1. Scan segment B:153-174 residue by residue and report those that are of a type in the set (A, V, I, L, M, F, W, C), modelled with pLDDT of 90 or more and out of contact with any Gly (no Cβ under 8 Å at 6 or more places or on another chain).
2. Within segment A:101-144, which residues are surrounded by fewer than 20 Cβ atoms within 10 Å (Cβ to Cβ) and of a type in the set (Phe, Trp, Tyr)?
3. Select, from A:206, A:260, A:192, the only residue that is at pLDDT 90 or above and out of contact with any Phe, Trp or Tyr (no Cβ under 7 Å at 6 or more places or on another chain).
4. Answer yes or no as to whether residue B:257 is at pLDDT 70 or above and within 30 Å of residue B:177 (Cβ to Cβ).
5. Out of everything in segment B:23-70 that is within 16 Å of ligand 1 (Cβ to nearest atom), more than 14 Å from residue A:271 (Cα to Cα) and of a type in the set (A, V, I, L, M), what residue ends up being nearest to the other protein chains (Cβ to nearest Cβ)?
6. For the subset of segment B:107-127 comprising residues that are within 8 Å of chain A (Cβ to nearest Cβ) and more than 20 Å from residue B:193 (Cβ to Cβ), which member is surrounded by the most Cβ atoms within 10 Å (Cβ to Cβ)?
7. Specify which of the listed residues (A:124, A:161, A:131, A:141) is part of a helix (DSSP H, G or I), within 14 Å of chain B (Cβ to nearest Cβ) and either free of Cβ contacts under 8 Å to residues at least 24 places away in the same chain or within 22 Å of the chain's Cα centre (by Cα) (or both).
8. Which one of the conditions (1) of a type in the set (Gly, Ala, Ser); (2) facing another protein chain (nearest Cβ under 10 Å); (3) within 19 Å of residue B:1 (Cβ to Cβ); (4) part of a loop (DSSP other than H, G, I, E, B) does residue B:83 fail to meet, given that it meets all the rest?
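The values are calculated or read from the model by the stated rules, or taken from the named source; none is laboratory data. Just so it is clear, the structure is predicted and the values come from calculations on it, not from any experiment. Every residue, glycine as well, gets a Cβ built from its backbone with ideal geometry; the counts of neighbours run over all protein chains shown.
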Amino acid sequence: MKKIKIFFQASFATAKKDIISILRYKTWFISVLVWPILMPYTFVFLAKGLAGPTNEGIDNFARLSGTTDYSSFIILGNLTWMFLNMIMWDGGLKLNSSRRIGILDTLWTAPSPRLAYVFGSAISSIVINFSPIVISTAFFSMVKIISFKANIFDLLIYTLSILPFIIGFLFIFSSLTLRSKEANLVVHAVRVILSILCGLQLPIGVLPLFLQKISLSIPITLYMNCIRDSIIKGQGISYHINSLIYILTIGFITFIASIVVFKLTEKKVKNKGLISGY
Amino acid sequence: MKAIEINNLVKRFVSKNEKIVALDDISFSIDEGKIFSLLGPNGAGKTTTIKILATLLLPDSGQAKICGYDVVKNDLLVRKTLGTVLPGERTLFWKLTVKENLAYFSDLYGLNPKYSRKRIEYLLNKFEINDRKDTYVEKLSTGLRQRVVLCRALLSDPRVIILDEPTLGLDPEASRNLRNIIKEIKDEGKTILLTTHYMYEADELSDMVAIINKGKIVSIDTPVNLKKNLDIERNITITSRNFTSNFIENIRQEFFTEVKKEINEDGILKISFYLKKKDDALSKIIKIASEHDIIVDNIALSEPTLEDVFINKTGKKFAEIEVSAK
Ligand SMILES: Nc1ncnc2c1ncn2[C@@H]1O[C@H](COP(=O)(O)OP(=O)(O)OP(=O)(O)O)[C@@H](O)[C@H]1O
Ligand SMILES: [Mg+2]
């Protein structure tokens, strides 16, 4: 019990510390507010260009994606992807930089479980990045680029359900950054692969069939479909109950596995003295 | 119970296909309420010892206990019992204020907010940094920052404090201040293990000193005993107005040694020579002097420093001797 209490106390303290530090940088609102509104525009214009003057591209897009509303499709994909990305990588990258600076070993001398620092970063990523996503979705709905038909409660359920998978992913990535110094390389490679595989910026219909199969086994793809179907088509949660169960099951397994991976990594790090950058 | 107990600790590393024995079977223990220094040259294994105690490293074999808790089996309890200061500039968050840093670390120690608020205020006052509590850590001088680091280590009122080179990089005044703080911490009944490069620091602070070299403890004792038992030559200087050549010859024969003569402005003659063994040398000299009717103005015997002990035990000389800080 005590261990759990100190885990959450340390996690929330870490989240609070991260949030204070971020808000202290005066440029935070650019990445947090301006960026989610400007970035999706570039894709909308690109899509407009590709659709051709008589919109003949749209039929093709509709055939692949199941909707003619390509702006909503792309914007939602991008916003969701930005949100998930922050949670998936930030904690690991912070861990890496705190090791580089030389404060990680001092943190590890405190009696809180060491996973709490990573978990705390995940909380701060969620808090920092959630409201911009909401604000920009509201913004695009207001300017009628997105036709918002969803039940907000459904969206929250989907988002809560994907978190165990995403946080598990973060724990595994964090373990990796402790073992290898090439964390940034991993981020870039995996980010591109996932963004293609999970249909974040393009419908997965463009992928070869075998890749589509892989794609549909990744919870992120299913989550993306749930979000889009709810917002664009107004489909209720009952349409996606199977996806939801799948997302939760895989999420749970990933989460538990990731804790084991982190514990094993911690042991390895303590054996080899990797923590101070040897 | 011992505050720290280390038995046959071994730690090896493999670095670039090269095998390094960082700790080669070391054992020592520290009584509660004492200051114990680990003194050794670069790469001796000081930090490795500290890191094993702080549960940042696993030993290959052997045992280490803090207040009875095993560092491998009870690592959480060990970390609760310990306050640790690791070397380096960045052991606080520079973009947070002093108070924010301390509040954050209190949470990492699971302290309750009411207690930690009081504790932080107490420590800030005690170490005279209360007026800087809202300053960003990056804006503090290294000396003040190191005081905040000590506050941080004391947040949970730990029974044992370990300090890895706490005065490294401080100017003489700041490092003297910090040594005084370390003594105050001891006066509160805490046990302190520190590593240092500075002889006089170990000498001034410690109840016990272990000299460590190449992963082995070569000597362990109180600073006084280490110096006393050192079997090295001491320099002896005698001043008088009426030395005679017979007297000097007598000294030469008695101590089998070269005798250096010098005259200063007042015409006083000074002789100096090296002694192999101290024992009854002084009384012998006085006896010989009275036989020759020599009026001795002064006899000075140089005592070995901890540095002499160190050089004698490790065959190494310390590069970093902060003479001006004495
Ligand atoms: N994680 C590691 N991987 C490989 N070698 C290591 C590691 N940690 C320490 N070493 C090596 O072990 C030996 C002991 O190092 P340690 O840091 O304990 O020395 P030290 O006494 O603290 O020296 P210094 O006075 O320089 O701080 C050194 O040769 C060092 O290079
Ligand atoms: Mg060291």
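1. Of everything in segment B:153-174, just one residue is of a type in the set (A, V, I, L, M, F, W, C), modelled with pLDDT of 90 or more and out of contact with any Gly (no Cβ under 8 Å at 6 or more places or on another chain), namely B:163.
2. Passing the criteria: A:130, A:139.
3. A:260
4. Answer is no for this residue.
5. The qualifying residue nearest to the other protein chains (Cβ to nearest Cβ) is B:50.
6. Pass one, segment B:107-127, residues within 8 Å of chain A (Cβ to nearest Cβ): B:107-110.
Checking which are more than 20 Å from residue B:193 (Cβ to Cβ) leaves us with B:107-108, B:110.
Values: B:107: 25, B:108: 27, B:110: 20.
It comes out as B:108.
7. Going through A:124, A:161, A:131, A:141 in turn, the sole match is A:124.
8. All conditions pass for residue B:83, except number (4).
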